[in-house]
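This report concerns only the one structure given below.
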Amino acid sequence: MTAEFVHLHVHTAYSLLDGAIKLSDLFDKAERDGQTAVAITDHGNLHGVVQFAYQAKNHNIKPVIGCEVYLAHGSRHDKSNEQPRAYHQVLLCENEAGWRNLLQIINTAHLEGKTSGLFGRPRADRELLEKHSEGLVCLSSCLSGMVPRTLLELGYDKALAMADWYRQVFPGRFYIEIQRNGLEDQEKANVDLLKIARELELPVVATCDAHYLDREHARSHEILLCIQTGATMNDPKRFKFSSDQIYFRTRAEMAETFGDLPAALRNTLEVAERCTFVPQFGAAVFPAYQTPRGEDSISTFTKAARSGLLRRLKPLRESHDEQRDGPWMQVEKIYAERLEIEIDLITRKGFADYFLIVQDFIGWARDHGIPVGPGRGSAAGALVSYALGITNIDPLRYNLLFERFLNPERQDNPDIDVDFCAERRDEVIRYVSEKYGEAHVSQIATFGSMKARQVVRDVGRAMGYSFGEVDSIAKLIPDDLNMTLAKAEKTPDVERLLKDAEWARELWFHARALEGLPRHVSTHAAGVVISRQPLGECVPLMLDKDANVVCQFDKNDVETAGLIKFDFLGLKTLTVIDKTLRMIREVHGIDIDMDRIPLDDPEAYALLGRGLSTGVFQFESPGMRDLLVRLKPDRIEDLTAINALYRPGPIGSGMIDDFIARKKGEQKVVYDLDILGKILESTYGMMVYQEQVQQVAHVVGGMSLGEADLMRRAMAKKKIDKMAAFKVKFLEGAARQHLARNAVEKIWDMMEKFAEYGFNKSHSAAYALVAYQTAYLKAHYSSAFMAALMTMEKNDSDKIMAKIAECRDLGIKVLPPDVNESGREFTINKKGQIRFGLEAVKNVGEGAVLSMIEARQKDGPFKGLYDFCERIDVRKANKRVVESLVKCGAFDSLEPHRAALLAAVEGAMDQAVRRQTDRDSGQTSLFGMLEAKNPTAAAPALPNVPEWSHDELLRFEKEALGFFITGHPLDDYRLLIDRFANADSETLRDATAAREVRIAAVFTALDKKMTKTGKPMAMGMAEDQKAPFRVTLFAEALEKSAALLENLEQPALLFGKIDLRDGGNGLLVEKAIPLVKAPEVCSNEVHFNLRTVGLSKGQLQRLAECIHRHPGSCRGVIHLEIPDRSEATFVLPNRLGLSPSDDLVEEVRAIFGPGVVNFQ
């Protein structure tokens, strides 16, 4: 028998780590079962209601919107630990008033009633229910409901009184909820719950309290609860449901379970019918901008745009040459006409307030010295954006399209993302919150989901498997952003494991059941909502870990709900630029306006052409560096194109190779129609940008730019029907211009091909400008630029180490911290040297640094260790702090004998502590009074101890800073490294394939252990002069490396294979020998490692001459690497044998640079 029944108590995946029902699965099952309505009642939140309503509509199922709220025992304001665990209370929205009241209850619970701690709950209370009961249907809930729990804990009479209270608060809208789920306490409660219903004449409803979809998922749900609580399935005291019946039952199952209570089933239909509220999310409601008195937003916006354009055109007019550029009036007319078209569309669509708000907070940021990016995304294509100061990119100068940003033929809302200095972004958000009112502004939620690797690790840990066992499975899953367990199952390694290991199959089954569930909610990195009405009246709110108010919806649901989202992004590069400019101003007295630097600076392009792009925005990756070397960019348009081309599609299609060949004149640029020249000239006849596809459709096919944008979107998404219709229009438009049909057909095919790869030029141009600015600063003020970069990475010792290596290559000296010269961050001096900041020293906190700086500012430089200890606040800078400063060399300018200083620290600090204690207590000894009269009295002599060896000095430096600074253990071995190493840590970091390498390095940590088979192995870290990397040695490698491992600190030559596991940056060591022994072991072959990138015929000719000048008995081998493609190996004939000499190494270095030749 099948019952007419509606689920009124359902926990979806948004009951985080408690509900295991994915919305898509829920509605698929409900539709198959013929269910006409379903409720959502997640624990304490409304995260899922937008998606729930959307999916319900798609499945033609009525959504019943509700929540199982938490109720405090007493007042929600009482958050003491003595409070018993919260009650549960199911509330369903009957109508619009019910939705508004549910929002009030939920929002107040989160903002006022949330308890602290890991499992803190947002609690409402009885006062809130009494105040906001209108329009809400109330169910008595599960065993944690107030009535059932009172029944079990305090008896029938108390529960009866509680139910009567509910009856009065929710007149005609309170239902007794009956569940039959196999729980013993539930069966006991049901008897008296039915009795209460009869005595108070209350209707009864049957529910499931569904937490998972099917009965077979009960164990998966138990595992989910273990993930939530941090327990394992082996723990008998873990939180669990002692039943496998808390699932989403079919109507037939409910009819069978509640056959004796048909009214309880019918009443669920009654509740669903009376709950008529369905979220209606219509057109966006823009927040209102405060205009000057007597003006509306349209007039204010129009006036600001027009006056802004005049300001922008002033410097352009001053540099305008009429003989070269034509009549100025014609130029001015083009700008003015474009502006008026944009103003007209923006005002007609009701977007004026939006633009004024964005202009306002960007203007405020600039007025307060907060760096703002030149633009981001398609907004840079709007002249209005440029006129209002929202962007700093002239769209006409870069041939950008307004219709790519706002299409007249679509109903899209404007979406302007703004980059701010990463360190000061929050100031802008605070300004917006204060200006528009805290009740009208909030950040938005984002959900972290259990993706393939994560869910396997979570499930494995919860099932009690060891880290090693779980890790062995997780590592088999390809490290791909879009990877799923279903895809991973098809890989040979996973397929083999699941076939052979039953325990792995069980783990995988449960992981598949939980994959994709949201794991946690946090605050979106950029999204901010500004609302015309108080947010609490239209969306659910919560507090994040920092007590900021956050909308419970994610960015997509916020927009669906009709709210306007603004993205405030923090861009570290803007902070780097700002810090660089400050240092240049402070040290060199030069003020640089980045908006006025020349965009054709030869030194900036030369730096990029050499691949020296570390720290250059967007151009740091190895592949990008190779591309820069191959292309040799010499104009901003090239950088714009590189930004668009360096993506998987264009790389795979060969577009980059064609682009480079055309720029170099190696491939002819041919236009099928002459009218394409103006559109494609900057990209050498290739369609690189989305805007170019639009322009071609406009010029050749006669389409409007808006219609051309719709065509481009259809092409990019391969919508065949729409593409066919657009092709007809395109061909007809070309025919009206009498253009050659064959050429037009060919152009259509080209558009169709490139539309798939085309990138937004507006975004590329804006970010190319930022890239150029960083390249300009690095080329002309490299010390300040590198110091700013290091300041931004001060908490990442690996990145600092790489930057120190870069400084070494650039000829910039990096000095250790100094108690008299260093500030908090990295700084530069007039010699162009970089001085370490004090905050980079381990154990030295902000308080200690501020104490040192304050003492210096008050009484001048420190004179020595004892003077230093006397003058700093010993409560903030203790003995450990001073020892770290000594070890890293921060006192070298006062006393270079670090060993003696370290030996004196304890005495100096004891003396300082005694005297500061005396001063604080108002007591001063006779000695102290005499010293006060004679402040120049000599400090005690330092202990007579031996100075540290060079190796000891470096070891202490590394302990204090996390890396070597005044030297490196490998510094004295440059010739040996050049001769015998063929790779370095950068090779490991950038590798995409495993291959045999030799690397000079020192071991920094090595942990020996036994494998499952009882054989020894070791895992740890090694480093060269650039960065650390992982090392793994198995039994055979340990045996071959025994001589070296007796003294781990000595420089070594590591033979091994690149290890790509765990994100790469590893070496599977096969043998390690002392570096000094390399000539004895590796002198049979001479290898030349060349890359095709930047390789010239002249260099190859010089190499051939060099080979002839160094005859010998060693075989010569040339490796020619084609980046991201392959490697070709050529063995030289015996008559071209070589002598493995230092002279050979130096000659090859002079031709190609370091790292090309090595001996084996």
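Tabulated data for the structure shown
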{"item": "Exposure proxy order (Cβ contacts within 10 Å, fewest to most) of Glu127, Glu1080", "result": "Glu1080, Glu127"}
{"item": "Of Leu26, Ala775, Ala525, farthest towards positive along the dipole that unit charges on Lys, Arg, Asp, Glu beta carbons give the chain", "result": "Ala775"}
{"item": "Signed unit charges on C-beta, dipole axis of the chain, positive-most listed residue Ile834, Val285, Pro946", "result": "Ile834"}
{"item": "Table column - 3J(HN,Hα) (Hz), segment 977-982, Karplus curve with 6.51, -1.76, 1.60, x for Gly and Pro", "result": "5, 4, 7, 10, 8, 10"}
{"item": "Long pairs among Lys813/Lys887; Lys863/Lys887; Lys475/Lys555; Lys579/Lys794; Lys842/Lys876; Lys663/Lys1097, criterion Cα-Cα beyond 21 Å", "result": "Lys475/Lys555"}
{"item": "Dipole magnitude (debye, nearest 20) for the chain, charges at Cβ of Lys, Arg, Asp, Glu", "result": "1180"}
{"item": "Segment 1013-1018 - phi-based ³J(HN,Hα) in whole Hz, Karplus 6.51/-1.76/1.60, Gly and Pro as x", "result": "8, x, 9, x, 8, 9"}
{"item": "Amide H partners (placed H, <5 Å) of Ala37, local residues excluded", "result": "Lys62"}
{"item": "Neighbour net charge for Lys663 - beta-carbon separation under 15 angstrom, K R +1, D E -1", "result": "-1"}
{"item": "Paramagnetic label zone (point 7 Å from Cα along Cα-to-C-beta, Arg219; backbone N under 18 Å) in segment 475-519", "result": "498-515"}
{"item": "Debye, to nearest 20: dipole size of segment 973-1075, +1 on Lys, Arg Cβ, -1 on Asp, Glu Cβ", "result": "260"}
{"item": "Amide H contacts of Lys813 (H built 1.01 Å from N, under 5 Å, at least 5 apart or other chain)", "result": "Ile834"}
{"item": "Order of Val728, Val456 - criterion: other Cβ atoms within 10 Å of each residue's Cβ, fewest first", "result": "Val728, Val456"}
{"item": "Residue exposure sequence - Glu184, Glu112, Glu957, Glu489 - by fewest surrounding Cβ within 10 Å", "result": "Glu184, Glu489, Glu112, Glu957"}
{"item": "Signed unit charges on C-beta, dipole axis of the chain, positive-most listed residue Leu1138, Met162, Ser319", "result": "Leu1138"}
{"item": "Calculated SAXS-style log₁₀ I(q)/I(0) at q = 0.10, 0.21, 0.24 Å⁻¹ - segment 973-1075, Debye, Cα scatterers", "result": "-0.24, -1.07, -1.37"}
{"item": "Cut-off 14 Å between beta-carbons: net charge of the residues surrounding Pro896, Lys and Arg +1, Asp and Glu -1", "result": "-3"}
{"item": "Relative contact order for the chain, counting Cα pairs under 8 Å that sit 6 or more residues apart, in percent", "result": "7"}
{"item": "Across Lys131/Lys349; Lys1057/Lys1077; Lys314/Lys678; Lys237/Lys1009, pairs whose alpha-carbon gap is larger than 31 Å", "result": "Lys131/Lys349; Lys237/Lys1009"}
{"item": "Segment 973-1075 - percent relative contact order, Cα under 8 Å, separation 6 or more", "result": "30"}
{"item": "Vicinal HN-Hα couplings computed from phi for segment 887-897 (Karplus, 6.51 cos²θ - 1.76 cosθ + 1.60; Hz; Gly/Pro x)", "result": "4, 8, x, 5, 9, 4, 5, 9, 7, x, 7"}
{"item": "Option label - Rg and Dmax of the Cα atoms in Å computed here, alternatives (i) 34.9, 119; (ii) 33.5, 103; (iii) 35.5, 109", "result": "(iii)"}
{"item": "Surrounding net charge for Phe1029, when Lys and Arg each add one and Asp and Glu each subtract one, Cβ distance under 11 Å", "result": "-3"}
{"item": "Amide H partners (placed H, <5 Å) of Glu1070, local residues excluded", "result": "Phe1055, Gly1056, Lys1057"}
{"item": "Cleavage-rule hits, trypsin sites (Lys or Arg not before Pro), segment 1000-1076, DSSP coil, Cβ neighbours within 10 Å at most 15", "result": "Lys1012"}
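Each reported figure results from applying straightforward, stated rules to the coordinates on display, with no laboratory input. The structure displayed is predicted, hence computed values, not measured ones. When we count neighbours, we look across all protein chains shown, and the Cβ atoms used for this are built from the backbone with ideal geometry, even at glycine.
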